[in-house]
Amino acid sequence: MRVIFIGAAHRHGTSKLGKPYDMCKFTYAIPISPVTTATMNYHGFGYEPKEVDLEPSALNKFALCQIGETIDISVEPDPTNLTRNIVTGLIKPSTESEKTSSKF
C-alpha cells in the first residue's frame, strides 16, 4: 500500500489512573475529501492525517523516512482484532524523485 509518510511512534507508560498503556501508531496523509450529510459539511484543501496501529517490531524500519515521502508499507489484519488492520513493515523506500514533500 502506497502512502505519504508523516510519522511512526511508540508510546508507553502509566496513565493518571495508574493503568499501564502501550501503543504503537503509524501516521500517514490522505487528500481531504469533502463530506456532506444532513447535519454536517466538511471540505478543505490539502491533506489530513490518518493514524493506524503499527506492529512495535516494525517501528525502526521507518527511522530514515522523511515527512511527505511516498513509501510502500505492508498491512495485515490485526491478530487481536481481525476487523482492523495493522502496519507490519516498510516494503520499499521510495526514490528521491518520488518524494512529495513539496505538498506540505
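Details
- When we screen ILE30, ILE71 for residues that are in a strand (DSSP E or B) and out of contact with any Cys (no Cβ under 8 Å at 6 or more places or on another chain), the only hit is ILE30.
- Tally of residues being surrounded by 10 or more Cβ atoms within 10 Å (Cβ to Cβ) and on the phi > 0 side of the Ramachandran plot across segment 45-65: 0
- Long-range neighbours under 9 Å by Cβ, at least six apart or interchain, first residue closer than 18 Å to ASP53 by Cβ within segment 8-19, second in a strand (DSSP E or B) and acidic (Asp, Glu): HIS10/ASP22; ARG11/ASP22; HIS12/ASP22; GLY13/ASP22
- Among the residues of segment 1-27, none is identified as surrounded by 11 or more Cβ atoms within 10 Å (Cβ to Cβ), of a type in the set (D, E, K, R) and outside any strand (DSSP E or B).
Every read-out reported here was derived from the displayed coordinates using simple, explicitly stated rules and does not represent laboratory data. Because the structure is a prediction, the values reported are computed rather than measured. In this analysis, Cβ positions are derived from the backbone assuming ideal geometry, glycine residues included, and neighbour counts consider all displayed protein chains.
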